[in-house]
Amino acid sequence: MRLLTVLQNDRGGQIVLSLVLALAVIVPILNLAVPETSVFHVPTYTVTLLGKYLTLALLAVAVDLVWGYLGILTLGHGAFFALGGYAMGMYLMRQIGDRGVYGNPELPDFMVFLDWQELPWFWYGFDQFWFAAIMIALVPGLLAFVFGWLAFRSRVSGVYLSIITQALTYALMLAFYRNEMGFGGNNGLTDFKDLLGFSLQEDSTRIALFIASAIALIAGYIVCRFLMNSRLGRVCVAVRDSESRARFMGYRVENVKLWVFVISAILAGVAGALYVPQVGIINPNEFSPLNSIEVVVWVAVGGRATLFGAIVGALLINYAKTYLTAELPEIWLFALGGIFVLVTLLLPKGVVGLLSRKEAQA
């Protein structure tokens with residue numbers, strides 16, 4: 001029950017989550033019940049695109065949790081997102097069975113092509129959804145725990161920690177590019193057929209994934225808001241504002257950082273797992289440091305340390321990216337950099353900060 005009361009004093013969160021919930025209800029109706037000839041019909045392509053936006057918004061919330069409330073500028077959360085995506089991709093590849101190009105019931109097509117004779121041990125269990133679901137949370141969470149335990153106990157912070165997180169995701173990208181790693185090399189994992197026995201090409205499955213993405217975003221937001229409204233959240237803000245003072249008062253700062261970092265990584269992994277079946281592919285490019293930097297831009301544009309601002313920023317920037325990469329692909333990166341510079345100079349509290357200021361003046 002307490003989870004449902006955490007939004008009482010969060011007007012921005014109430015508005016944003018209400019809009020997400022409304023989308024989760026209205027969009028499927030406009031897709032399934034409205035004829036394709038109607039101007040109000042929402043095509044399946046748009047449903048999938050919106051679902052992808054919602055998963056990226058969950059990733060942005062995960063980044064805002066550690067950057068906005070702990071002051072840790074992470075440039076490597078794309079790694080946790082990609083690991084969750086690979087866990088889901090491995091499950092989806094195992095579901096193909098003998099329907100692949102080479103008809104091998106055990107080995108994915110890329111392994112047959114590379115003349116592998118048996119399934120690697122780390123692929124065992126991924127033919128079961130429950131096992132894949134555990135790995136979606138466990139693998140990013142375990143990596144975050146090991147990395148955080150080493151970094152935070154060594155008191156690495158500031159720009160040095162940002163560089164290390166970026167190096168982590170870059171190292172993983174290089175590793176996953178190698179064919180001998182057993183994850184599809186530079187082509188990654190693709191050609192997915194089913195999820196839980198339902199065809200990924202069916203409109204109903206696409207809608208179910210869209211709804212699942214909306215539910216995951218709402219649930220992830222509520223969990224983060226609950227944590228930040230608790231005593232842990234107040235300690236996080238104290239650590240962000242003055243780590244030395246919090247440490248002097250007796251708080252185990254490294255433990256606070258570690259567990260919030262792990263929770264954030266798990267949320268990022270869940271976002272990646274929902275992202276993969278909707279886009280139909282996962283490859284090492286998802287580990288690219290540029291992707292992690294983009295997420296930071298989303299949070300900055302929306303409004304750091306608000307959580308709902310991260311959702312707004314993710315939706316706005318990804319819509320702009322979809323439009324500009326289709327209409328003016330050569331200027332997208334310049335536009336992204338320009339947006340970040342302008343927001344940093346003119347809107348230090350992001351879009352939601354500007355709206356709050358106007359509301360206060362009114």
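The values are calculated or read from the model by the stated rules, or taken from the named source; none is laboratory data. Since the structure is predicted, the reported quantities are computational estimates derived from the model, not experimental observations. Cβ sites come from the backbone with ideal geometry, for glycine too, and all protein chains shown count toward neighbours. To get the accessible areas, we keep the full protein, side chains included, count just its heavy atoms, and leave off ligands, DNA and RNA. Shrake-Rupley method; radii C 1.70, N 1.55, O 1.52, S 1.80 Å.
Keeping to region 170-208, report how many residues are in a helix (DSSP H, G or I) and among the β-branched types (Val, Ile, Thr). Steps first, answer last, please.
Residues of region 170-208 in a helix (DSSP H, G or I): 170-176, 179-181, 185-187, 203-208.
Within this subset, residues satisfying the condition of being among the β-branched types (Val, Ile, Thr) are 205, 207.
Total satisfying the criteria: 2.
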Can you tell me how many residues in region 148-180 are open to solvent by 30 Å² or more (accessible area, probe 1.4 Å) and under 18 Å from residue 67 (Cβ atoms)? 10
By residue number, the members of region 341-362 that are modelled with pLDDT of 80 or more and surrounded by 14 or more Cβ atoms within 10 Å (Cβ to Cβ) are 343, 349, 350, 351, 352
Scan region 68-120 for residues that are more than 18 Å from residue 298 (Cβ to Cβ), hydrophobic (A, V, I, L, M, F, W, C), in a helix (DSSP H, G or I) and within 29 Å of the chain's Cα centre (by Cα) and jot them down. 83, 87, 88, 90, 92, 93, 96, 110, 111
Residues of region 27-45 that turn out to be open to solvent by 90 Å² or more (accessible area, probe 1.4 Å) and aliphatic (A, V, I, L, M), as a count: 3
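In the list 319, 275, which residue meets the criterion of being closer than 30 Å to residue 188 by Cα, of a type in the set (Phe, Trp, Tyr) and buried (at least 16 other Cβ atoms within 10 Å of the Cβ)? Don't jump to the end; show me each part of the working.
Numbers: 319 fails: buried (at least 16 other Cβ atoms within 10 Å of the Cβ).
Among 319, 275, only 275 is closer than 30 Å to residue 188 by Cα, of a type in the set (Phe, Trp, Tyr) and buried (at least 16 other Cβ atoms within 10 Å of the Cβ).
Taking residue 51, is it modelled with pLDDT under 95, part of a helix (DSSP H, G or I) and open to solvent by less than 40 Å² (accessible area, probe 1.4 Å)?
Values: modelled with pLDDT under 95: no; part of a helix (DSSP H, G or I): yes; open to solvent by less than 40 Å² (accessible area, probe 1.4 Å): yes.
Judged against the criteria, residue 51 is not a match.
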Condition check for residue 145: open to solvent by 30 Å² or more (accessible area, probe 1.4 Å), touching a helix residue (DSSP H, G or I) at 6+ places or on another chain (Cβ under 7 Å) and free of Cβ contacts under 8 Å to residues at least 24 places away in the same chain: no
Reported set for region 279-303 where residues are open to solvent by 10 Å² or more (accessible area, probe 1.4 Å) and under 22 Å from residue 187 (Cβ atoms) is 279, 280, 281, 283, 285, 286, 288, 289, 290, 291
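For the condition touching a Gly at 6+ places or on another chain (Cβ under 6 Å) and over 26 Å from residue 220 (Cα atoms), what is the one hit in 183, 110, 131, 122? Don't jump to the end; show me each part of the working.
Working: 183 fails: touching a Gly at 6+ places or on another chain (Cβ under 6 Å); 131 fails: over 26 Å from residue 220 (Cα atoms); 122 fails: touching a Gly at 6+ places or on another chain (Cβ under 6 Å).
Just one listed residue meets the conditions, 110.
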Is it true that some residue in region 289-309 is within 30 Å of residue 146 (Cα to Cα), among the polar types (S, T, N, Q) and either within 15 Å of the chain's Cα centre (by Cα) or at pLDDT 95 or above (or both)? yes
Restricting region 208-252 to residues that are open to solvent by 20 Å² or more (accessible area, probe 1.4 Å) and of a type in the set (Phe, Trp, Tyr), which is modelled with the highest pLDDT? 226
Unmet requirement for residue 306, which otherwise passes all of (1) closer than 28 Å to residue 192 by Cα; (2) surrounded by 16 or more Cβ atoms within 10 Å (Cβ to Cβ); (3) of a type in the set (S, T, N, Q): (1)
Hits in region 189-205 (condition: under 20 Å from the mean Cα position of the chain (by Cα) and open to solvent by 40 Å² or more (accessible area, probe 1.4 Å)): 190
